Each structure stands twice: as C-alpha cells, then as structure tokens.
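Working notes for the structure below.
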Amino acid sequence: MSKGEETKTKILQQAAELFNQQGYAGSSMSDIMRVTGLQKGGIYNHFQSKDELALQAFDFAIACVSRHYRSVLRSKRHAVERLQAIISVFSGFVDNPPVPGGCPLLNTAVESDDAYPALRDRTQQVMNSWLNLIRRIIETGIEKGEIRPEVNADEIATIITATLEGAIMMSKLYGNSIHMQRAVNHLNQYIESHL
C-alpha cells in the first residue's frame, strides 16, 4: 500500500469513527482535522468534499461490520445456525462495536433521513443488502427443508432487523445491554419455534 493509500485509509477510519459518534452534522472540518492530524488541504487531497468523505467513511464503517458477519457465516451451513450466528454477532455490538459509537447503519439512518439525501440513499442500499442477506438465508433454508415452507422470508428479515436495531438503540440509550439480551433471547426462541 502506498503512502497516499495509507493516509486515505487512516482518514476514512478516523472519519468513520467520528461520524459514527458525533454524526455527520455534528462533525465539523475542524473535528476531522483534529482526529486525523491533517490540515484541510491534506484531507481534500483525498476527498473532494465533506460529503464525499462521509459517503466513503460510511462504506468503510459498513465494511468493518460486514467482516464480522462474513467470518462467522463461513463456518455455518444450516439456515437456522446462520440466522442465530448473525444474531449472536450483532448482540456483541452493544459492548464491542466494530466502529466506536455503535451500529453505523442505525446511526446514519437516523441522521440522514431528510437532511442528507445521498447519505440516506447509501444507507438504504446497505439496509437492502442486509435484508437480502437474511432473506436469502431463509429462502435457501426453505429450499433445503431446514425452514418450514410457509415462512415469509421478507417478514422475518424485517422482524430480525428491526428487533436487533431497536435493541441496539435501547441498550445505548439506557447504557444497559439487558435490552439486547432480551431481544436475542426472543429472536432465538422465535427462530427455534416458528421457523
């Protein structure tokens, strides 16, 4: 990796952490300069604007999250095990998030809904990808006879995602992981008894 690529990666990592903790609107160029140790010109040497940096930093944060899932899913073959593995990995994000500040998908979705259309669109793309992953696991499980054929994959993908993201939000809000523990227990019981 060249020195320029190393610098860009460092900027992305530090901006991803900053945006995930303070939000896009709450992070000024001065904040970005402070965390990276670079002057404005050093940052703009790699990114044309704060908006471009935000999009790439979001992608960087999501890639950190995705690495956790991919590593766990590689060893799981049965659909129910794959769903439970996703839930287990996600539950660890309360106390040990892959990017400081919690779930970048949740944080960015909340902040970008009306004010930042490009960031909202990127967040929707990532959410669609996440929902599709869960849906594909369920559909493959149905095809293999591991999940009951009447199960609605879209519905379950929504339920799992909404429950986990809501549990992250509540756990962070109250500073108590009991909310995630309850959500995980419920989802695992639901999967074992209804799928």
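Only Cα pairs under 8 Å and at least 6 apart count here; give the relative contact order of the chain as a rounded whole percent.
Reported relative contact order: 21 percent.
For LEU119, the accessible area of its heavy atoms, probed at 1.4 Å with every protein chain present, is near 20 square angstrom. Just checking my list (1) 29, 17, 14; (2) 34, 17, 15; (3) 41, 19, 16 against semi-axes √(5λ) of the Cα gyration tensor in Å computed from this structure; which label fits? Recomputing semi-axes √(5λ) of the Cα gyration tensor in Å here picks out (2). Over the chain, DSSP H runs of length four or greater, each weighted -39,500 (n - 2.57), average out per residue to a 222 nm ellipticity of -24500 deg cm²/dmol. Over region 21-110, Cα pairs under 8 Å with separation of 6+ residues give a relative contact order of 32 percent. Region 1-32 and region 106-185 have Cα centres separated by 26 Å.
The shape of region 103-184 comes out oblate: with a ≥ b ≥ c from the C-alpha gyration tensor, a/c is at least 1.5 while a/b does not beat b/c. Note on the chain: Lys pairs 8 or more places apart or on different chains, Cα atoms under 28 Å apart, count 10.
Once the Cα atoms are used to define both axes, helix 3-22 deviates from the longest principal axis of the chain by about 70 degrees.
Can you give me the accessible area per residue for the chain, using a 1.4 Å probe, in Å²? Intermediate values should be presented prior to the final figure.
Working: 10280 Å² over 195 residues.
Computed with neighbouring chains in place, this is 53 Å² per residue.
Helix 153-174 and the long axis of the chain differ in direction by around 50°, with both axes built from C-alpha atoms.
The values are calculated or read from the model by the stated rules, or taken from the named source; none is laboratory data. Predicted, not measured: the structure shown is a model, and the values here were computed from it. These accessible areas exclude ligands, DNA and RNA; they are computed on the full protein's heavy atoms, side chains included. Shrake-Rupley method; radii C 1.70, N 1.55, O 1.52, S 1.80 Å.
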